[in-house]
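Chemist: Quick one: structure below, then a few questions.
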Amino acid sequence: MKISFLLHNAYGIGGTITTTFNLAQALATVGHTVEIVSVLRHRERPNFQLDPRVGLRPLVDLRQEKEHPQHLRPAKVFPAAEYRYRQYSELTDERIGACLADIDADVVVGTRPGLNVHLALQAPERVARVGQEHLTLDNHPSRLRTALRRAYRRLDVLTTVTEADAAAYRRKMRLPGVRVEALPNSVPDPALPPADGNAKLVVAAGRLVPVKRYDLLIEAFARVVAERPDWRLRIYGKGEEHDRLRALTESLGLSENVFLMGAAAPMEAEWVKGSIGAAASNFEPFGMTIVEAMRCGLPVVSTDCPYGPGEIIEDGVDGRLVPVGDAAAFGAALLELVQDDERRHRMGRSALDNARRFAPGPVVAQAERLMEEAIEARRAGRPVSQDRAPMRQILVGRGYAARDAVHATGSSALRTVRKGRR
C-alpha cells in the first residue's frame with residue numbers, strides 16, 4: 001500500500017506527532033510506501049527522528065510564508081470550532097486541497113478533526129479515507145461535533161485510541177457506513193535494557209500544562225519525601241506551567257528532591273533510569289507516556305481519569321490507579337511502591353509484559369487490516385464491513401506470538417478476563 005498521513009505540524013512536539021511517526025515508521029518497516037504530509041513547518045528539522053524510509057513534505061513553511069496574504073485570511077474548509085483554527089488560513093485550505101487532489105496514495109490518514117474534515121470533503125473518490133481521533137468526542141465543543149457529524153459520513157474508517165471513545169462515537173454520532181474502531185497508539189520496542197527498579201527515582205513526562213496536573217504530582221511527592229527523603233522526582237517536558245511548578249517546588253522545600261528536566265526526545269533513556277512512572281492528569285485521551293514507561297519496565301501510578309489510563313493500567317498488577325485530583329491518594333500510592341521493593345519489582349515486570357500489546361507488531365497488524373478493508377471497500381463502491389474479526393485470529397494468522405495476540409485483543413476484553421480471575 002501507499003499511505004499518506006496528513007499531520008498538523010511534524011516539526012513540533014506532542015503526542016500526536018510521536019504516535020504518527022511511530023505508526024508511519026512501523027508501516028514502512030513491513031514494506032509499505034509511507035509519507036507524512038505536514039501542513040505547517042516552522043523549523044529546519046523535526047524534533048523527533050524520522051526513519052529515512054518515511055517521506056516528509058510540508059505544505060506551508062511559516063519561516064517564509066507567515067505573512068503571505070492568503071495566510072492572513074481565515075480558513076473556510078478547516079472548521080472554525082476546531083482548537084487549531086487560528087493557525088489555519090485560506091492558504092492552508094488551498095495547499096491541503098491541492099495536495100489531496102493530486103495525491104497518489106491508496107489511503108490517506110487524517111490525524112486531527114479539522115484535517116479529517118479536509119480529507120472527508122476533498123479527497124478523490126479513488127482514495128480510501130481514514131480519520132483518526134487522538135482526543136475524545138466528548139472533549140470537542142458542540143459546534144465542532146456538529147461539523148464533524150456532517151463531514152465524517154464521507155470517511156471510510158474512523159479510529160479512536162480507546163474502546164470507550166469508540167463506543168461514544170458509535171452511540172452519539174450516527175455515522176452510517178463508517179467503520180468506527182479503537183486503534184491504540186503504539187510504542188516502538190525498547191532498544192535499551194528495562195529498568196531494574198532499584199533507582200530511588202520517580203519519572204514523569206509531558207507538556208507542562210494545567211491539565212497534566214504536575215502541581216498535584218509535586219504535592220503528592222512531598223508526602224513521599226516526608227517518609228523517604230532519599231527519593232527523587234524528575235519531570236521532563238516544557239510548557240507554560242514551568243515557572244509556577246518551580247515556585248511550588250521551592251515553596252514546599254523540595255528543591256533537592258524535585259527536578260524540572262526540560263524536554264527530552266526520545267524519552268526511553270530517561271525512563272529506564274527510574275523505578276516508578278507517574279501521570280497525574282485530569283484528562284488523558286490515551287496516555288502515551290504511561291505506555292512508554294511501562295514498556296521500559298516501570299509500574300505507573302496514574303489518576304484514573306477519562307479515558308486512557310484505565311484501559312492501560314491494571315490497578316495493583318502493573319501500576320496503580322487513584323482518584324482524579326486526590327494528592328493524598330496519589331502520594332499514598334507512590335509511597336506504597338517506594339517502601340515495598342519486592343512489590344515494585346514484581347509490578348515492573350508485569351508492566352513490561354502487559355505493555356507488549358502496544359508494541360508496533362499488534363498495532364500495525366490492526367492498522368493494515370483496517371486500511372486494506374477500506375481500500376477494498378472504496379474500490380468496490382461499498383461501505384467498509386462492520387464485522388470485526390477477532391484480533392487474536394488476525395495476529396496469529398500473520399505470525400505473531402500467541403501471547404502478543406492475546407495482548408492485542410483490546411483492553412476491554414482483557415479487563416473482563418482479569419475480573420473473572422479475581
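Chemist: Could you look through segment 70-109, keep only residues that are part of a strand (DSSP E or B) and of a type outside the set (Ser, Thr, Tyr), and pick out the one that is surrounded by the fewest Cβ atoms within 10 Å (Cβ to Cβ)?
Modeler: So in segment 70-109, the residues part of a strand (DSSP E or B) come out as 74, 89, 107-109.
So of that shortlist, the ones also of a type outside the set (Ser, Thr, Tyr) come out as 74, 107-109.
Details: 74: 12, 107: 25, 108: 26, 109: 31.
Filtering first and then ranking leaves 74.
Chemist: Scan segment 310-327 residue by residue and report those that are assigned to a helix (DSSP H, G or I) and out of contact with any helix residue (DSSP H, G or I) (no Cβ under 6 Å at 6 or more places or on another chain). So that I can check it myself, show each step before the final result.
Modeler: Restricting attention to segment 310-327, the residues satisfying the condition of being assigned to a helix (DSSP H, G or I) are 310-312, 327.
Selection gives 310 alone.
Chemist: Among the listed residues 204, 128, 199, identify the single one that is surrounded by fewer than 21 Cβ atoms within 10 Å (Cβ to Cβ), of a type in the set (A, V, I, L, M) and modelled with pLDDT of 95 or more. Full working, then the answer.
Modeler: Numbers: 204 fails: surrounded by fewer than 21 Cβ atoms within 10 Å (Cβ to Cβ); 128 fails: surrounded by fewer than 21 Cβ atoms within 10 Å (Cβ to Cβ).
Result: 199 is the single residue among 204, 128, 199 that is surrounded by fewer than 21 Cβ atoms within 10 Å (Cβ to Cβ), of a type in the set (A, V, I, L, M) and modelled with pLDDT of 95 or more.
Chemist: Something else: Can you find a residue in segment 61-74 that is under 28 Å from residue 360 (Cα atoms) and touching a His at 6+ places or on another chain (Cβ under 8 Å)?
Modeler: Of all residues in segment 61-74, those under 28 Å from residue 360 (Cα atoms) come to none.
Scanning segment 61-74 turns up no residue that is under 28 Å from residue 360 (Cα atoms) and touching a His at 6+ places or on another chain (Cβ under 8 Å).
Chemist: Since residue 250 meets every condition but one in (1) out of contact with any strand residue (DSSP E or B) (no Cβ under 6 Å at 6 or more places or on another chain); (2) closer than 15 Å to residue 235 by Cβ; (3) at pLDDT below 95, which condition does it not meet?
Modeler: Every listed condition holds for residue 250 apart from (3).
Chemist: Given the criteria hydrophobic (A, V, I, L, M, F, W, C) and closer than 23 Å to residue 372 by Cα, does residue 59 qualify? Give the derivation first.
Modeler: Numbers: hydrophobic (A, V, I, L, M, F, W, C): yes; closer than 23 Å to residue 372 by Cα: no.
When the stated conditions are applied, residue 59 does not pass them.
Chemist: Something else now. Given the conditions (1) part of a strand (DSSP E or B); (2) within 23 Å of residue 64 (Cβ to Cβ); (3) in contact with a Lys or Arg (Cβ under 8 Å, 6 or more places away or on another chain), report the number of the one that residue 43 does not fulfil.
Modeler: Here residue 43 clears every test but (1).
Chemist: Every residue in segment 206-248 that is in contact with a Lys or Arg (Cβ under 7 Å, 6 or more places away or on another chain) and among the aromatic types (Phe, Trp, Tyr), please.
Modeler: The one that is in contact with a Lys or Arg (Cβ under 7 Å, 6 or more places away or on another chain) and among the aromatic types (Phe, Trp, Tyr): 231.
Chemist: Output the number of the condition that residue 350 fails; it satisfies all remaining conditions of (1) over 21 Å from the mean Cα position of the chain (by Cα); (2) part of a loop (DSSP other than H, G, I, E, B).
Modeler: Condition (2) is where residue 350 drops out.
Chemist: Please find, among 150, 171, the residue that is under 21 Å from residue 308 (Cβ atoms) and either in the same structural domain as residue 311 (by TED's automatic domain parsing) or free of Cβ contacts under 8 Å to residues at least 12 places away in the same chain (or both).
Modeler: Values: 150 fails: under 21 Å from residue 308 (Cβ atoms).
Result: 171 is the single residue among 150, 171 that is under 21 Å from residue 308 (Cβ atoms) and either in the same structural domain as residue 311 (by TED's automatic domain parsing) or free of Cβ contacts under 8 Å to residues at least 12 places away in the same chain (or both).
Chemist: Quick check: is even one residue across segment 322-330 buried (at least 19 other Cβ atoms within 10 Å of the Cβ), within 26 Å of residue 193 (Cα to Cα) and free of Cβ contacts under 8 Å to residues at least 40 places away in the same chain?
Modeler: no
Chemist: Follow-up question, since we're still on this one. Scan the helices (runs of 4 or more DSSP H) fully inside segment 135-236 and keep the ones with 1 or more residues being basic (Lys, Arg) and within 30 Å of residue 384 (Cβ to Cβ).
Modeler: Numbers: elements: 142-152, 163-172, 214-227.
By residue number, 142-152, 163-172.
Chemist: Oh, and also: Cβ contacts < 6 Å: first residue on the phi > 0 side of the Ramachandran plot, restricted to segment 350-372; second residue part of a helix (DSSP H, G or I) and crowded, with 23+ Cβ neighbours inside 10 Å, any location; separation 6+ or different chain. Result?
Modeler: none
Chemist: Could you list, in sequence order, all residues of segment 47-80 that are touching a Gly at 6+ places or on another chain (Cβ under 9 Å) and either among the polar types (S, T, N, Q) or at pLDDT below 95 (or both)?
Modeler: We begin by selecting, within segment 47-80, every residue touching a Gly at 6+ places or on another chain (Cβ under 9 Å); these are 47, 75, 77-79.
Of everything in segment 47-80, just one residue is touching a Gly at 6+ places or on another chain (Cβ under 9 Å) and either among the polar types (S, T, N, Q) or at pLDDT below 95 (or both), namely 47.
Chemist: Do you know which of the residues in segment 137-156 that are at pLDDT 95 or above and within 30 Å of residue 267 (Cβ to Cβ) is surrounded by the fewest Cβ atoms within 10 Å (Cβ to Cβ)?
Modeler: Result: 140.
Chemist: Here is a follow-up. Given the conditions (1) surrounded by 15 or more Cβ atoms within 10 Å (Cβ to Cβ); (2) outside any loop (DSSP other than H, G, I, E, B), which single one is not true for residue 254?
Modeler: (2)
Chemist: If we scan segment 261-278, do we find a residue that is acidic (Asp, Glu), surrounded by fewer than 22 Cβ atoms within 10 Å (Cβ to Cβ) and assigned to a loop (DSSP other than H, G, I, E, B)? Give the derivation first.
Modeler: Of all residues in segment 261-278, those acidic (Asp, Glu) come to 268, 270.
Cutting the leftovers down to surrounded by fewer than 22 Cβ atoms within 10 Å (Cβ to Cβ) gives us 268, 270.
Within this subset, residues satisfying the condition of being assigned to a loop (DSSP other than H, G, I, E, B) are none.
Checked segment 261-278: no residue is acidic (Asp, Glu), surrounded by fewer than 22 Cβ atoms within 10 Å (Cβ to Cβ) and assigned to a loop (DSSP other than H, G, I, E, B).
The values are calculated or read from the model by the stated rules, or taken from the named source; none is laboratory data. If you're wondering where the values come from, they're calculated on a predicted model, not measured in any experiment. Counting neighbours? That spans all protein chains shown, and the Cβs are built from the backbone with ideal geometry, glycine included.
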